[in-house]
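The values are calculated or read from the model by the stated rules, or taken from the named source; none is laboratory data. On a predicted model such as this, the values are computed, not experimentally measured, just so you know. Virtual Cβ from ideal backbone geometry, glycine too; neighbours counted across all protein chains shown.
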Amino acid sequence: MSGPNGLPAFGRAALLLDVDGTLLDFAPTPDAVIVPPGLLDTLRLIKSRLGGALAVISGRPVEQVERFLADAPHAIAGEHGGAIRHGPGEPLERPPLAELPAGWLEEAKRIVAAHPGALLERKARGLVLHYRAVPEAGAVLGDWLRGLAARRPDAFEVLDGNMAFELRPLGADKGRAAAALMARPPFAGRIPVFIGDDVTDLDAIRIAKAMGGEGLFVPDVFGSPAAVRDWLGRVAEQGW
């Protein structure tokens, strides 16, 4: 039995959510995002109704997601799957991936300093160049970062995100993260529904569909994070 819009029956589903651009509105800097009142209670209620099967899959580090969303998700995959906490109190699981080569971070600091307003975000095994405040610098920063990755094409790739370019190790993507989460309780045996808004979310959308579930792309289905939150509020009360 399926729910509306082709979604699996609510009682059999697992809900996997992106953060920025999906749950939360974009902000001038990654630390400036605002968690709207009531969102965490909504997520906790959905988690309870799904037997715990609510997770977040984000490009952010797990620790950042925990700071914003606290205990609302049961599990968190961060860094596009480069780190996963499968449940409250569990240790971070890190698959073996390439480490950032020596000197690359210092080079990134120099290119960002040459474009005032650009922002460097360091990740455990990668980095992000944000240019929301200086959109005219986007092309230069993207070309530079792709040139950096070309030194180690066996180990790194560059993703074109929302006003940002991210260097990440090969083997870390949200599809792998979704599959890893779905392999363990309370997600195992359920049908995944993933919601995301960016190119980095397409891997998880493909995996969710391959597992018999559904992937909802925010620009096509909802239009905005506010609309996602409104929908989640209704889901918390009545399912879908």
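Below, the figures for the structure above:
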| item | result |
| --- | --- |
| Residue check, Val140 assigned to a helix (DSSP H, G or I), of a type in the set (A, V, I, L, M) and farther than 20 Å from Leu50 by Cα | yes |
| Every residue from the stretch 146-162 that is loosely packed, with under 14 Cβ neighbours inside 10 Å and over 15 Å from the mean Cα position of the chain (by Cα) | Gly147, Ala150, Arg151, Pro153, Asp154 |
| Tabulated pairs, the stretch 11-36, first assigned to a strand (DSSP E or B), second of a type in the set (Val, Ile, Thr), C-beta under 6 angstrom, 6+ apart or interchain | Ala13/Ile191; Ala13/Val193; Leu15/Val193; Leu16/Ile57; Leu17/Val56; Leu17/Ile195; Leu24/Val33 |
| Residue check, Leu141 among the aliphatic types (A, V, I, L, M), buried (at least 17 other Cβ atoms within 10 Å of the Cβ) and over 30 Å from Leu7 (Cα atoms) | yes |
| Criterion violated by Leu181 - all others in (1) aliphatic (A, V, I, L, M); (2) in a loop (DSSP other than H, G, I, E, B); (3) crowded, with 23+ Cβ neighbours inside 10 Å satisfied | (2) |
| Filter result for the condition that a residue is on the phi > 0 side of the Ramachandran plot and in contact with a strand residue (DSSP E or B) (Cβ under 8 Å, 6 or more places away or on another chain), over His86, His80 | His80 |
| Candidate set from the stretch 13-34 (those that are surrounded by fewer than 16 Cβ atoms within 10 Å (Cβ to Cβ) and of a type in the set (D, E, K, R)); member that is nearest to Ala179 (Cα to Cα) | Asp25 |
| Residue among Leu105, Leu100 that is part of a loop (DSSP other than H, G, I, E, B) and farther than 30 Å from Arg12 by Cβ | Leu100 |
| Residues that are in a loop (DSSP other than H, G, I, E, B), more than 17 Å from the chain's Cα centre (by Cα) and on the phi < 0 side of the Ramachandran plot, drawn from the stretch 193-221 | Met211, Gly213 |
| Sole residue being in contact with a Lys or Arg (Cβ under 8 Å, 6 or more places away or on another chain) and either over 14 Å from Val228 (Cβ atoms) or of a type in the set (S, T, N, Q) (or both), chosen from Ile34, Ile57 | Ile57 |
| Selection within the stretch 144-178 - part of a strand (DSSP E or B) and of a type in the set (Phe, Trp, Tyr) | Phe156, Phe165 |
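For every residue, the table says whether it meets (1) surrounded by 19 or more Cβ atoms within 10 Å (Cβ to Cβ); (2) not assigned by TED's automatic domain parsing to the domain that holds Ile191.
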| residue | (1), (2) |
| --- | --- |
| Pro36 | no, no |
| Leu54 | yes, no |
| Pro61 | yes, no |
| Ala75 | yes, no |
| Glu90 | no, no |
| Ala108 | yes, yes |
| Ala114 | no, yes |
| Arg122 | no, yes |
| Val128 | yes, yes |
